[in-house]
1. Looking at the stretch 260-289 only, could you name the residues that are open to solvent by less than 10 Å² (accessible area, probe 1.4 Å) and either more than 16 Å from the ligand (Cβ to nearest atom) or in contact with a helix residue (DSSP H, G or I) (Cβ under 7 Å, 6 or more places away or on another chain) (or both)?
2. Which count do you get for residues in the stretch 314-325 that are part of a helix (DSSP H, G or I) and open to solvent by 70 Å² or more (accessible area, probe 1.4 Å)?
3. Take the stretch 88-128 and flag every residue that is in a strand (DSSP E or B) and surrounded by fewer than 21 Cβ atoms within 10 Å (Cβ to Cβ).
4. Do you know which of the residues in the stretch 221-243 that are open to solvent by less than 50 Å² (accessible area, probe 1.4 Å) and assigned to a helix (DSSP H, G or I) is nearest to Met25 (Cα to Cα)?
5. Do you know which of the residues in the stretch 326-336 that are open to solvent by 40 Å² or more (accessible area, probe 1.4 Å) and either within 14 Å of the ligand (Cβ to nearest atom) or among the small types (Gly, Ala, Ser) (or both) is nearest to Arg29 (Cα to Cα)?
6. Within the group Ala311, Ala300, which residue is closer than 20 Å to His267 by Cβ, within 15 Å of the ligand (Cβ to nearest atom) and assigned to a helix (DSSP H, G or I)?
7. What do you reckon, is Leu169 assigned to a loop (DSSP other than H, G, I, E, B) and in contact with a strand residue (DSSP E or B) (Cβ under 9 Å, 6 or more places away or on another chain)?
8. Scan the stretch 21-59 for residues that are among the hydrophobic types (A, V, I, L, M, F, W, C) and more than 11 Å from the ligand (Cβ to nearest atom) and report the count.
Amino acid sequence: MSTSLFSPYKLGRIELANRFVMSPMTRNRSIGNIPHEIESTYYAQRAEAGLIITGGISPSPNGLGYARIPGLFSSEQVAGFRRVADAVHQAGSHIFAQLMHVGRIGHPANLPAGARLLGPSAIAAPGTMYTDTEGMQPHPAPSAMTEAEIEEAIGEHVRAAELAIEAGLDGVELHGANGYLIEQFLNTASNQRTDGWGGSIEGRARFALEVAERVARQIGGDRLGIRLSPYGVFNGMQADPETDALYEHLARRLGELGLVYVHLVDHSSMGAPPVSPTLKQSIRKLFPGTYIASGGYDRARAEQELAEGRADLFAFGRPFLANPRLVSKLKNGTPLTPPDLATFYTPGPQGLTDYPIDG
Ligand SMILES: Cc1cc2nc3c(=O)[nH]c(=O)nc-3n(C[C@H](O)[C@H](O)[C@H](O)COP(=O)(O)O)c2cc1C
């Protein structure tokens, strides 16, 4: 019998009810950088997903570059995430925390007092970003991190992962995609360092791999995944002739470190260049753990790729945002509610917890 999207799946220490994953989505409701009750409700409403991945959570005050995103470095934040984890578990699902240090993608107006915008090199991202107090602002150039600051940022990831587990979350996903700190190290557009943290493929991959190795040592590789977006262009990222080789090196090393999954983003459905099928195949071959595919999926495409063995789990973003009971709807063929773009990032419950809970 062929495997179905609706069949259970063992992911490290946990048993998922099905192959549907809720993609990480930043929703900017965490006033004071703490997750509140409405966010517990939001995630619990979507507990039909076999696995939920939280929106990006900063491991450090320096990584809080967007307005109203949560952190995971204070006791109030741990308490907030404990409420989230409890609500999701009570509703029957599992939840991983996505650790997202924004690096250069931030603005002083969004940062708490004393925090600093850091990046591998002092190169500003192109374009602008939203701030609550000053509206749209150009990205400032970050300070190039010293070796001590790199070491500190690695330690912050380890500590935040430890706190995620302490809060009762089931695991951690490192945000190595979409142009945030980890990808800023990987990518030549943002990393022009001439020391051991840049230059060669090994040098640019070093930050990602040291974070992965040290977090895995702390919480166990079977509770650690990573999100990657080769060929992504979001936040000023650019491919280069070594892109395939870089991601092949990463896939091999992440496998050796025992990570439980690689979560591959292909944003071609959002206008980004496609990831070549050959690179996807070689990552799948080189990484022995679970492979999560994401970006623009519907049931038919996920079913086809599952049958072809191209991925184990499938992450859905916008469809889950607007359809709390997405799994039932896909099973029953019920038409999907479209997402309301205007309330993606606005404070309050509107567009967060008030989508119809129909199946
Ligand atoms: C409102 C919104 C917020 C997002 N925030 C994040 C995020 O915090 N971390 C991340 O890795 N991706 C983030 N993404 C990207 C999604 O995880 C996903 O890759 C993207 O929406 C494409 O998948 P879809 O076609 O199923 O929506 C976000 C997307 C949306 C729409």
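1. Within the stretch 260-289, Val262, Leu264, Leu279, Ile283, Phe287 meet the criteria.
2. 1
3. Initial filter on the stretch 88-128 (in a strand (DSSP E or B)): 94-99, 118-119, 128.
Within the stretch 88-128, Thr128 is the sole residue that qualifies.
4. Going through the qualifying residues, I end up with Asn235.
5. Leu336
6. Ala300
7. Against the criterion (assigned to a loop (DSSP other than H, G, I, E, B) and in contact with a strand residue (DSSP E or B) (Cβ under 9 Å, 6 or more places away or on another chain)), Leu169 qualifies.
8. Count: 8.
The values are calculated or read from the model by the stated rules, or taken from the named source; none is laboratory data. Note that the structure is predicted; figures quoted are calculated from it, not measured. Using ideal geometry, Cβ is built from the backbone for each residue, glycine included, and neighbour counts are taken over all protein chains shown. Accessible surface is based on the protein model in full, side chains and every heavy atom, while ligands, DNA and RNA are left aside. Shrake-Rupley method; radii C 1.70, N 1.55, O 1.52, S 1.80 Å.
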